[in-house]
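Coordinate-derived values only; no laboratory data. As the structure is a computational prediction, the values presented were derived from the model and not from experiment. Note that we place each Cβ from the backbone using ideal geometry, even for glycine, and neighbour counts take in every protein chain shown.
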Amino acid sequence: MSRMSARSSLTVVLAAGEGTRMRSSLPKVLHPVASQSLLAHVLQAAPSGPDARLAVVIGPDHQAVADEVKRIRPEAETYIQRERLGTAHAVLAARAAIERGADDLLVVFGDTPLISAGTFARLRAPLANGAALAVLGFRAADPTGYGRLLMQGERLVAIREHADASDDERKVTLCNAGVMAFDGRKALSILDRIGDANSKREYYLVDAVEIVRTSGMEAVVIETSEDEVRGINTKAQLAEAEAVMQARLRKAAMDAGVTLIAPETIYLAADTTFGKDVTIEPFVFIGPGVSIADGAVIHSFSHIVQAAIGKNASVGPYARLRPGTSLGEGVRIGNFVETKAATLQTGVKVNHLSYIGDAEIGANSNIGAGTITCNYDGFFKHKTTIGTEAFVGTNSSLVAPVKIGDRAYIGSGSVITKDVPDDAMAIERSPQNNRDGGAKRYREIKMRKKKPKER
Ligand code: UD1
Ligand code: CA
């Protein structure tokens, strides 16, 4: 991203905090904004490319955080901060990475998910012009809790943490966003001089500023908007960041041509992708891993996660598309239909009140109201395969594993337990038969494999 400068970089992401103020057993940086962890947002904004290295400092017992790093930026190194002695101490947990050298050393907190790649580039620019340190600052509506940037004219002379600030210093609204860029050749000697002489007896990264100034080097401030650097310490701040992120995602979708009838009621994921001329009606939730192709319409009150929606498809109102759903061109999913691990080819219709799970449905088949794929026998999940141009009558139960052929016809109210060949007609309505058949099969399996329940 930041290939505008030919300078190499090392970005150290601090993510070792417990996040006690979140009151959660989940490590803070794994909480989601737009269906993606705080940490993932930061890792994606950080410089990447052949000249950009990445190191993440995590807490002990935070394997899940390490896993998230691997998933998002597999090339990143992780370092463990065993004791939490402050932000400067945390940076030095990655000492080995810093010692290997880079033109620019960037430090960013894992709890500021709204930061953009462009801001990293802006922050690095002064280093190329000789500054030893560039600090990202913002004007806080309420500066309480933030470190204050103390200026003498244009010169940054110090950062004072809220707890250590005088009454006059607390009036300063220009605050430390928590992102800093050091001249990589000077960084270690500066960091090593930071002490813990403050009210919390922590090694504060912000003390780097005074060290830089008293050594006659240059420290500068680059300003950005508060919305880009909201630090998340509480659930209320998490919700504020979500609001900012959603506004951004909706705007980007509309700029790309998506029609959002009531944008403020639509929730998108950071990775949602859209084709042209997509329309989304009010009150739709879109989770991670969703793509919506040209001309598709998502009707109100639909909930969609990990699903690919084909061209000109129509979904909802009140549809639930679960992970592994793939809808071909022109597919129609109507009200109160749930799908999971299901591939529906071109032109399939499932218009009312159905569950389609672990299934494949061939082109132009029609699935009647109330059809259920009975995919779970109490032990295992089984697959339902339906051919092309089949017709499944209303209120049918398709007891998987089962195959229904091309152009087959299933009479309404059927309970289908055996494969139905191509072009065949099956009307299976005897409750007695079906009950016995189902129960017998269930008992058989139970006797045969006393296996643990599949998840
Ligand atoms: C910090 C800044 C403050 C700034 C604010 C912006 C310092 C001393 N203070 O305060 O000037 O205005 O962010 O949001 O830098 N962390 C570790 N190990 C530690 C301590 C912290 O990894 O020992 C990590 C945390 O996980 C977090 C980040 O560093 O991601 C910042 O720590 P936090 O406690 O949230 O600092 P703030 O009090 O918000
Ligand atoms: Ca914070």
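With the Cα gyration tensor of the chain giving a ≥ b ≥ c as the square roots of its eigenvalues, does the rule (a/c under 1.5 for rounded; else a/b larger than b/c for prolate; else oblate) give rounded, prolate or oblate? Prolate, since a/c reaches 1.5 and a/b exceeds b/c. Taking 18 Å as the cut-off, the amide N atoms of segment 85-113 that come nearer than this to a point 7 Å along the Cα-to-beta-carbon line of Asp196 belong to 85-95.
Its Cα centre serving as origin, segment 24-133 has a Cβ charge dipole (Lys and Arg +1, Asp and Glu -1) of approximately 100 debye. For the chain, a crude dipole built from +1 on the beta carbon of Lys and Arg and -1 on the beta carbon of Asp and Glu, taken about the Cα centre, is about 1600 debye to the nearest 20.
A simple spin-label model places the labels of Ala247 and Arg82 4.5 nm from each other, with each point 7 Å out along Cα-to-Cβ. Each of Ser24 and Lys381 was given a label point 7 Å from its Cα along the Cα-to-Cβ line. The distance between the two points is 2.6 nm. Highest average first, the peptides 42-53, 108-119 ordered by how many other beta carbon atoms sit within 10 Å of their residues are 108-119, 42-53.
The distance from the alpha carbon centre of segment 355-420 to that of segment 111-161 is 60 Å, rounded to a whole number. The phi torsions of segment 281-297, fed into the Karplus equation with coefficients 6.51, -1.76 and 1.60 and a -60° offset, translate into couplings of 6, x, 6, 10, 10, 10, x, x, x, 10, 10, 10, 7, 3, x, 6, 10 Hz, rounded to whole numbers, with Gly and Pro shown as x. Sort segment 192-255 into rounded, prolate or oblate with this rule: let a ≥ b ≥ c be the square roots of the eigenvalues of the Cα gyration tensor; rounded if a/c is under 1.5, and if a/c is not under 1.5, prolate when a/b is larger than b/c, oblate otherwise. The shape class here is oblate.
Which of rounded, prolate, oblate describes segment 26-143, given a ≥ b ≥ c as roots of the alpha-carbon gyration tensor eigenvalues and a/c under 1.5 marking rounded, otherwise prolate only if a/b is larger than b/c? Note, shape of segment 26-143 comes out rounded. For segment 92-179, a simple Cβ point-charge model (Lys and Arg +1, Asp and Glu -1, everything else neutral) yields a dipole of about 200 debye relative to the Cα centre.
Please report Met425, Met217 as a ranked list, fewest other C-beta atoms within 10 angstrom at the top and most at the bottom. Please list the in-between numbers first.
Numbers: Met425 11, Met217 15.
Result, fewest neighbours first: Met425, Met217.
For Arg193, Arg250, the sequence from fewest to most other C-beta atoms within 10 Å is Arg193, Arg250. In this simple spin-label model, placing a label point 7 Å from the Cα along the Cα-to-Cβ direction at both Thr259 and Asp61 gives a separation of 5.4 nm.
How large is the helix-only mean residue ellipticity at 222 nm for the chain, computed as the sum of -39500 (n - 2.57) over DSSP H runs with n ≥ 4, divided by its residue count, in deg cm²/dmol to the nearest 500?
Details: 11 runs with 101 residues, N = 455.
Calculated mean residue ellipticity at 222 nm is -6500 deg cm²/dmol.
Could you list, in their original order, any pairs among Lys349/Lys403; Lys381/Lys403; Lys311/Lys403; Lys251/Lys311; Lys70/Lys311; Lys70/Lys235 whose Cα atoms are separated by more than 24 Å? As for pairs spanning more than 24 Å Cα to Cα, those are Lys311/Lys403; Lys70/Lys311; Lys70/Lys235.
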